[in-house]
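Remarks on the structure that follows.
Derivation of every value follows stated rules applied to the coordinates shown; laboratory data play no part. Because the structure is predicted, anything quoted here is derived from the model rather than measured. Here Cβ is always computed from backbone atoms with ideal geometry, including for glycine, and neighbour counts include all displayed protein chains.
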Amino acid sequence: MKGLLVCCLLGLGSGYAIGAEPPIASQKLVFKSEIIVEGLKNPWGMVALPDGRLLVTEREGRLRVIENGKLLADPVANVPEVWAKGQGGLLDIELHPKYAENGWIYLSFSDPKPEGSMTKIIRARLKGMELVDQEVVFQAPIEEYSTGGNHFGNRMEFDKDGFLFFSIGDRGDKTTPENNAQKLTNHKGKIHRIHDDGRIPSDNPFANQPGAAGSIWSLGNRNAQGLRFDKSTGLLWESEHGPKGGDELNIIRKGANYGWPVVTFGINYSGKQITDKTEAANMESPVLHWTPSIAVGGIDFYHGDKFPAWKGNLFATALAHQKLVRVEIDSSGREVSQELLLEKTGRIRDVRCLEDGFIYLVYDDPGKIVRLTPE
């Protein structure tokens, strides 16, 4: 009854699904894949509001609303202008942990300037169909803006104490040891941690180091596309695009260096070797890597009650390889097994395991929202 009530509150009961594929047999259970809405243009991130509506970002710069299982025709007004070029645009969306009290919605996007673009984060409140009370939470110095269209990141995630973690890619910088991802003097190729209003926490690992960007939590992260806490362990996990090969799944630790581009399992897109090292002293090795690359997207952990056999599993999405990867992880944070699901069904950008116990997928192309339900 509780699960049914939550499902009804979300307005996404089975009667709202546009279409469902035949039941799919996986290793541990049988499930169904149901289309909730279609007709989106390169959706990127999604959150569920307490009143049951879903908010979905489209990379071109639109914030869309799904209400009672239907995509509203008009997008939300007063969304910031974005640099919708290459991999840039309107990116992730996240709610403040105390959203019910303060109404803050966080948006990340590639910020357009004459000098180029860089990842930026704002927060705002939704009033009707308009964003109001906008505040800048993170903005890099203009010297870090560039005209390249690659590697903006970005995923955002709050921890249990209300700190905001977020990723920024290396912006396609040169693959040499001098890559920006290895420099503490800039924000590129890093995972960051800030207060919910943008202030730098005094206990960040480099907050008191002269010349360092105080928001840095970890470095050497090429282009993180997934960032989620496992609520059962408190560990922060990250999925990261490699070059040609070498996509990574990492546990992000305070002050750690994840090696890009000093160490990698991938090579350049030209076929040229980047480095002969896949590990090095004082650099973290991934929990697992996908070589060849699957173009890994967002990740999430399942802790609901609709799929008991999947409890505690990590789900990772894949763009180029068009699949959902289910990863079993043991108590020490090591991979036990992987299972490939929904292969060749489209480019999957993100996965969200919502409070109703179901699993939701954000398809980049064809642009749609899909819900997984047990058979």
query: By per-residue mean of other Cβ atoms within 10 Å, what is the highest-first order of 40-46, 323-329?
result: 40-46, 323-329
- line: Any lysines whose Cα falls less than 25 Å from that of Lys41, other than same-chain ones fewer than 8 residues away, would be Lys32, Lys70, Lys85, Lys113, Lys120, Lys127, Lys323, Lys344, Lys368
message: Against the 2.2 N^0.38 Å scaling, with N counting residues, where does the range 234-375 land? I'd like the Cα-based Rg ratio to two decimal places.
response: 1.09
query: So for the range 54-200, Kirkwood radius off the Cα pairs, Stokes-Einstein at 37 °C and 0.692 mPa s: how many µm² s⁻¹?
result: 207
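Hey, got a sec? Which chymotrypsin sites (Phe, Trp or Tyr not before Pro) in the range 195-303 land in a DSSP loop and have at most 16 other Cβ atoms within 10 Å?
Working: sites: Phe206, Trp217, Phe229, Trp237, Tyr258, Phe265, Tyr269, Trp290, Phe301, Tyr302; in loops: Phe206, Tyr258, Phe265, Tyr269, Tyr302.
Here the chymotrypsin sites (Phe, Trp or Tyr not before Pro) that fit, given the DSSP loop and packing criteria, are Tyr269.
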message: If I histogram all Cα-Cα distances within the range 156-305 using bins 5 Å wide from 0, what percent of pairs lands in each bin?
response: 2, 10, 19, 23, 20, 13, 8, 3, 1, 0
- request: Would you work out if the range 299-370 is rounded, prolate or oblate? Take a ≥ b ≥ c from the square roots of the eigenvalues of the alpha-carbon gyration tensor; rounded if a/c is under 1.5, else prolate when a/b is larger than b/c, oblate otherwise.
  value: oblate
- prompt: Within the range 72-180, which trypsin sites (Lys or Arg not before Pro) sit in a loop by DSSP and count at most 12 neighbouring Cβ atoms inside 10 Å?
  reply: Lys98, Lys160, Lys174
task: Of all alpha-carbon pairs in the chain, indicate the percentage at a distance above 35 angstrom.
output: 19
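Provide, as a two-decimal number, the C-alpha radius of gyration of the range 224-310 over 2.2 N^0.38 Å, N being how many residues it has. Before the final figure, lay out each step's value.
On the way: Rg = 14.5 Å, N = 87, 2.2 N^0.38 = 12.0 Å.
After normalising by residue count via 2.2 N^0.38 Å, the value is 1.21.
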